[in-house]
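Accompanying notes for the structure given below.
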Amino acid sequence: MTEAHKSGFVAIVGRPNVGKSTLLNRIVGQKIAIMSDKAQTTRNKIQGVYTTPEAQLIFIDTPGIHKPKHRLGDFMVETAYSALREVDAVLFMISADQKRGKGDDFIIERLKSQNTPVFLIINKIDKVHPDELFAIIEDYSSQMEFAEVVPISATEGNNFDRLMEILVNRMPEGPQYFPEDQVTDHPEYFIVSELVREKVLLLTRDEIPHSVAVVVDSMKRDENDKVHIQATIIVERDSQKGIIIGKGGKMLKQVGTKARRDIEHLLDDKVYLELWVKVQKDWRDKKIHLQDFGYRKEDY
């Protein structure tokens with residue numbers, strides 16, 4: 001007798017910058033969530049799909065929970081909380097090389113009222129001595145009871161297979177929601193815009209904070225199957241526009257070159273990418289601009 005097929009939804013929560021997007025990208029085997037050493041780079045719930053013959057798990061990477069400073073921040077935190085209301089398991093992710101802080105305590109208080117199992121995922125174990133893990137586990141376990149504690153390295157892959165095995169065992173019986181070769185439910189243009197935004201954050205470092213959005217204006221294939229993409233990078237100030245364009249357009253060209261490589265890998269096709277930069281003052285605090293740039297209330 002064959003075992004019943006299992007499926008379920010899993011939310012990944014945690015403070016900004018603990019490696020949630022890195023874990024999601026490892027789960028699906030390719031980049032769908034942007035990675036940056038800047039905090040709060042994830043803005044929407046990004047769904048990644050993990051499929052085996054026996055099970056299908058749909059993962060939701062939530063924005064890092066933090067104290068909001070503007071409407072975009074409110075959106076990000078509410079998005080994280082809404083993810084908790086619709087899942088079969090929650091992964092509370094922490095970083096082994098960071099001490100428990102107010103942000104972690106804030107999330108723990110919220111998780112205590114969860115009816116679904118909460119797993120403590122200790123990431124970046126490659127950054128600390130194994131002996132240090134016992135104290136971390138003891139510290140967090142004294143705050144609340146976890147279904148299980150799983151130390152991993154999302155970057156190196158340590159203990160990753162064990163984590164997936166534990167989660168599959170915990171999932172209820174259910175159907176396969178997505179085709180086996182589908183890794184996300186986001187449209188291609190969303191991931192394309194995220195890959196461009198990642199390169200802006202990567203190359204401009206501290207000069208361009210989170211006041212950058214990317215809108216894909218068009219995506220078309222020509223008769224040779226080459227994908228033509230036109231996208232606009234939105235910033236809040238003229239000075240930021242100057243930084244992103246760079247001297248003689250050098251910075252914008254670098255952003256385009258790096259983004260194009262990732263997009264070609266994603267689409268498995270040749271890509272022609274055209275980028276523009278536009279100033280939209282204080283867009284993060286204006287509801288109409290948030291909606292225009294893809295942050296819609298109905299998403300949470």
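The values are calculated or read from the model by the stated rules, or taken from the named source; none is laboratory data. These figures come from a predicted structure and were not determined experimentally. Please note: Cβ atoms are built from the backbone with ideal geometry, for glycine as well, and neighbour counts cover all protein chains shown.
Couple of notes before you dig in:
- The residue that is modelled with the lowest pLDDT, counting only those in segment 28-55 that are surrounded by fewer than 24 Cβ atoms within 10 Å (Cβ to Cβ) and not in a loop (DSSP other than H, G, I, E, B), is Gln47.
- The set of residues in segment 206-248 being part of a helix (DSSP H, G or I), within 16 Å of Val196 (Cα to Cα) and among the small types (Gly, Ala, Ser) is empty.
- Only residues that are over 20 Å from the mean Cα position of the chain (by Cα) and part of a loop (DSSP other than H, G, I, E, B) were counted across segment 99-147, and they come to 19.
- Boolean, Val150 is modelled with pLDDT of 90 or more and among the β-branched types (Val, Ile, Thr): yes
- Scanning segment 160-202 for residues that are modelled with pLDDT under 85 and among the aliphatic types (A, V, I, L, M) gives Val183, Ile191, Val192, Leu195, Leu201, Leu202.
- Of the residues making up segment 86-138, those that are among the aromatic types (Phe, Trp, Tyr) and either in contact with a strand residue (DSSP E or B) (Cβ under 9 Å, 6 or more places away or on another chain) or not assigned by TED's automatic domain parsing to the domain that holds Val18 (or both) are Phe92, Phe119.
- Annotation note: Cβ proximity below 9 Å between a residue of segment 250-270 that is at positive phi and a residue that is among the charged types (D, E, K, R) and assigned to a helix (DSSP H, G or I) (sequence gap 6+ or interchain) occurs for no pair.
- Whichever residue in segment 255-290 is of a type in the set (Asp, Glu) and at pLDDT 80 or above and, among such residues, is surrounded by the fewest Cβ atoms within 10 Å (Cβ to Cβ): Glu274
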